[in-house]
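Beneath this line is the structure, given in structure tokens, with notes to follow.
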Amino acid sequence: MTGGDAALRAGNRAVVEAFFTSNLGNPAERIALWHPDGVKELPFAPSELPKTRWEGRDDIVANTHANAGMFENVVHTDLVIHDCVDPGLFFVT
């Protein structure tokens, strides 16, 4: 890995960590983290969900506001962030 890749990975990891430690009762905290070309995907979601992928900031912002009330008391515990080969890609469990 090059120094540039390491710096990119560290910066991206910081955003992922901020995302999962943000206050779910305050959607603006998460919205501020999304890139205009961001993608939110739930690859292991139940098939009954009407949508499992949101592309672009506007789509993600709408989803974040729609979900805000459902998750305001949720706290992510035992969070593990796994690096992938791509320094901009993470798998979070």
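The values are calculated or read from the model by the stated rules, or taken from the named source; none is laboratory data. Since we're looking at a predicted model, the values are computed, not measured. Cβ: placed from backbone, ideal geometry, glycine included. Neighbour counts: every protein chain shown. Side chains are part of the model used for accessible areas, which takes the heavy atoms of the whole protein and leaves out ligands, DNA and RNA. Shrake-Rupley method; radii C 1.70, N 1.55, O 1.52, S 1.80 Å.
Points to keep in mind about this one:
- Inside the stretch 77-93, residues that are at negative phi, open to solvent by 60 Å² or more (accessible area, probe 1.4 Å) and either out of contact with any strand residue (DSSP E or B) (no Cβ under 9 Å at 6 or more places or on another chain) or not in a loop (DSSP other than H, G, I, E, B) (or both) make up a count of 6.
- Residue that is nearest to residue 91 (Cα to Cα) [pool: residues in the stretch 18-40 that are of a type in the set (A, V, I, L, M) and touching a Phe, Trp or Tyr at 6+ places or on another chain (Cβ under 9 Å)]: 39
- Answer residue from the stretch 41-73, given it is within 15 Å of the chain's Cα centre (by Cα), open to solvent by 80 Å² or more (accessible area, probe 1.4 Å) and under 22 Å from residue 93 (Cβ atoms) and is modelled with the lowest pLDDT among those: 71
- For the stretch 16-27, the set of residues classified as surrounded by 13 or more Cβ atoms within 10 Å (Cβ to Cβ) and part of a helix (DSSP H, G or I) consists of 16, 17, 18, 19, 20, 27, listed by residue number.
- Residue within the stretch 33-48 that is touching a residue at least 24 places away in the same chain (Cβ under 8 Å) and not basic (Lys, Arg) present: yes
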